[in-house]
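Okay, structure first, notes after.
The values are calculated or read from the model by the stated rules, or taken from the named source; none is laboratory data. None of these values were measured; they are calculated from a predicted model. We place every Cβ from the backbone using ideal geometry, glycine too, and count neighbours over all the protein chains shown. For accessibility, only protein heavy atoms count, side chains too; no ligands or nucleic acids. Shrake-Rupley method; radii C 1.70, N 1.55, O 1.52, S 1.80 Å.
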Amino acid sequence: MPNSISHWMNNTFFVGTNAFFVGTSAATAPVTNPATGAVTGEVVLGSAEDARAVIEAAAAAFPAWRDTSLAKRSAALFAFRELLNARKDELARIMTSEHGKVVSDALGEVSRGQEVVEFACGIPHLLKGGFTENASTKVDVYSIRQPLGPVAIISPFNFPAMVPMWFFPIAIAAGNTVVLKPSEKDPSAANFLAALWREAGLPDGVFNVVHGDKPAVDRLLEHPDIKAVSFVGSTPVARYVYETGTRYGKRVQALGGAKNHMLVLPDADLDLAADAAVNAGFGAAGERCMAVSVLVAVDPVGDELVERIKQRIAKLTVGPGSAAGSEMGPLVTGAHRDKVTSYLDAGVTDGATLSVDGRHHAIEGDAGGFWLGPTLFDHVRPGMSVYDDEIFGPVLSVVRVRSYDEGLSLVNANPYGNGTALFTNDGGAARRFQHEVEVGMVGINVPIPVPVAYYSFGGWKSSLFGDTHAYGEDGVRFFTRGKAVTQRWLDPSHGGINLGFPTNE
């Protein structure tokens, strides 16, 4: 495979040491630079037949990789980790050029994904089973965990490196083979990761990439060789992936949308809360499933908090992600920017106060870019589209409530349950909140409570379909299945004489 990313970024392919597959599909989609609006390439949208060929490559590679020792699998993970660390700046620039996020944010994404790689490097410890000697007379019982087979990952545009790394390090370390279907909006990060795996010495067919849209996705969901599917995206698609995949007998974890609330109590440090609201609401232009999109202010602090947020918004620099001074970049596509912008008029029509109109924010970039500045709505209520919908853009809504109980009820009534945060200096209120709130990930004075790699990521309610969260111990359980062995040996065996030092190869 060529080393030049520009040579192979726009192809459908599977990856191994020598394998390269262009595919048969003639369908393509443009790849754009969101900061300029210019088309920089095109990605081939793999057909169902292309997806089948890639799945077959993963299935063919599985038996040998399953039987590869834990020591050798761990060595491949360590090699990948070193390569990723050495070339993270290059990967960050690639993501910025196709997604639009600022380089520092892209570097942070790589670092958080790398945490899971490092967690998976410890797979020998994570796969240890249990053993009971003499459970019955001369009968021993033990448990083991084994890989599933070829698994699929369907990842979104907003985190083209981190989200796949939530899944594939653990899947590969556990002995599975992987087919990754990245977003067609920013496909090159997946190709870059595939090249790193090749350089790390991963065997052919263990890590595979197929570009495409619904035909490729449906083939992954239906093909009998795919044993499990991991998905991150919108709730409607997550529900479709879960229902379709489970109908075909697959294990599925489908992470859906969010409407994350940040509850601010009157005793909170309002400067800290205002900083957190801006950081969590407008980082990556709000294109995060863990973005704070609703700030719930317990009066009398609403007016003061809104004013402090407005002051901070006015100072934000919006420009190309590659520019050193940019704090917020463009949205990923023109169509998505237009959809997000439509909520500004809808919010006003519904009776909310448009305190800061992002359409008037100064932009330090090409006029053809997909720009929308940070936007702030005040006096928002449930039933308004800006409150009910997952906007997935730089739009922060402020809801006023009279008490902690009213704020908690608002959070718990929402159909989503991905992430939430409480800002307070009251330890009792914090403890009560983390106990009573019906949300999967909770931050106390932390606005984006993404768990570290040895815990697990996932929400509740309409934010998750399936029984397990991503990475951490849940990830190990998802990508393996348990087996219990009951054994009796009537006579001792003898392995012969070997005075050499024992190795774990």
(message) Under the rule a/c < 1.5 gives rounded, and otherwise a/b versus b/c splits prolate from oblate, where does segment 19-101 land using the Cα gyration tensor?
(response) oblate
(message) For a quick check: with amide H placed at 1.01 Å from N, whose amide H comes under 5 Å from residue 153's, ignoring anything fewer than 5 positions away on the same chain?
(response) 179, 180, 181, 230
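How much length is gained if the chain between residue 412 and residue 133 is pulled fully straight, taking 0.36 nm per residue apart and subtracting their Cα-Cα distance, in nm to one decimal? Please report the intermediate quantities before stating the final value.
Numbers: separation 279, 0.36 × 279 = 100.44 nm, distance 4.79 nm.
Here the segment from residue 412 to residue 133 would lengthen by 95.7 nm.
Over segment 99-153, what is the relative contact order in percent, taking alpha-carbon pairs closer than 8 angstrom and at least six residues apart?
With pairs under 8 Å counted, the relative contact order is 21 percent.
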(message) For the chain, what does the relative contact order come out to in percent, with C-alpha contacts under 8 Å and a separation of six or more?
(response) 18 percent
(request) Please name whichever of 296, 459, 143 sits farthest to the positive end of the charge dipole of the chain, dipole taken about the Cα centre and charges placed at Cβ: Lys and Arg +1, Asp and Glu -1. (result) 143
(message) What does the net charge come to around residue 351 if you take all other residues with beta carbon closer than 15 Å to its beta carbon, with K and R at +1 and D and E at -1?
(response) -2
(message) I want to make sure I understand the PRE zone here: with the label point 7 angstrom from the Cα of residue 314 toward its beta carbon, which residues in segment 384-399 have backbone N atoms less than 19 Å away?
(response) 396
(request) Search the structure for amide H atoms under 5 Å from the amide H of residue 423, placed 1.01 Å from N in the peptide plane, and list their residues when 5 or more places away or on another chain. (result) 263, 264, 265, 445
(message) Checking the table 72/227; 214/310; 101/227 against a 30 Å threshold on Cα-Cα, which pairs fail?
(response) 214/310; 101/227
(request) Take the solvent-accessible surface of the protein heavy atoms, probe 1.4 Å, and return the percent of it on the chain that carbon and sulfur atoms account for. (result) 52 percent
(message) If I model a spin label at residue 435 and residue 90 as a point 7 Å from the Cα along the Cα→Cβ vector, what separation in nanometres do I get?
(response) 5.3 nm
(request) Go through 257, 74, 192 and say which Cα lies farthest out towards the positive end of the charge dipole of the chain; charges sit on Cβ, +1 for Lys and Arg, -1 for Asp and Glu. (result) 74
(message) Can you sort 455, 343 by solvent-accessible area, 1.4 Å probe, largest first?
(response) 455, 343
(request) Would you grab the residues whose amide H sits under 5 Å from the one on residue 32? Only those 5+ places off in sequence or on another chain, please, with H modelled 1.01 Å from N. (result) 40
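What dipole magnitude, in Debye to the nearest 20, does segment 170-323 give about its Cα centre under +1 on Lys/Arg Cβ and -1 on Asp/Glu Cβ?
Value, rounded to 20: 600 debye.
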(message) Relative contact order for segment 327-432: what percent, with Cα pairs under 8 Å and sequence separation of 6 or more?
(response) 22 percent
(message) Just want the answer: with Cβ charges of +1 for Lys and Arg and -1 for Asp and Glu, which residue in 102, 46, 60 is farthest toward the dipole's positive end in segment 37-122?
(response) 60
(message) Under the 0.36 nm per residue contour assumption, what length would be gained going from the current alpha-carbon distance of residue 38 and residue 279 to full extension?
(response) 83.9 nm
(message) Using 0.36 nm times the number of residues separating residue 367 and residue 104, minus their current alpha carbon distance, what extension gain do you get?
(response) 92.4 nm
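Loop by DSSP (not H, G, I, E, B), at most 12 other beta-carbon atoms within 10 Å: where is the longest site-free stretch of the chain for trypsin sites (Lys or Arg not before Pro)?
It works out to 139-314.
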(message) Roughly how far apart, in whole Å, are the Cα centres of segment 49-94 and segment 438-479?
(response) 24 Å
(request) Using the Kyte-Doolittle scale, find the helices of the chain whose mean hydropathy is at least 0.0 and whose Cα atoms extend 20 Å or more along the helix's long axis, counting only whole DSSP H runs. (result) 48-66, 70-86, 103-120
(message) Please enumerate, by chain and number, the lysines with C-alpha under 21 Å from the C-alpha of residue 138, excluding those fewer than 8 residues away in the same chain.
(response) 483
(request) Evaluate the charge dipole of segment 331-413 about its Cα centre and quote only its size in Debye, nearest 20, assuming +1 on the Cβ of each Lys and Arg and -1 on the Cβ of each Asp and Glu. (result) 80 debye
(message) Compute, for the chain, the length of the dipole vector about the Cα centre, with Cβ point charges of +1 (Lys, Arg) and -1 (Asp, Glu) only. Units Debye, rounded to 20.
(response) 1320 debye
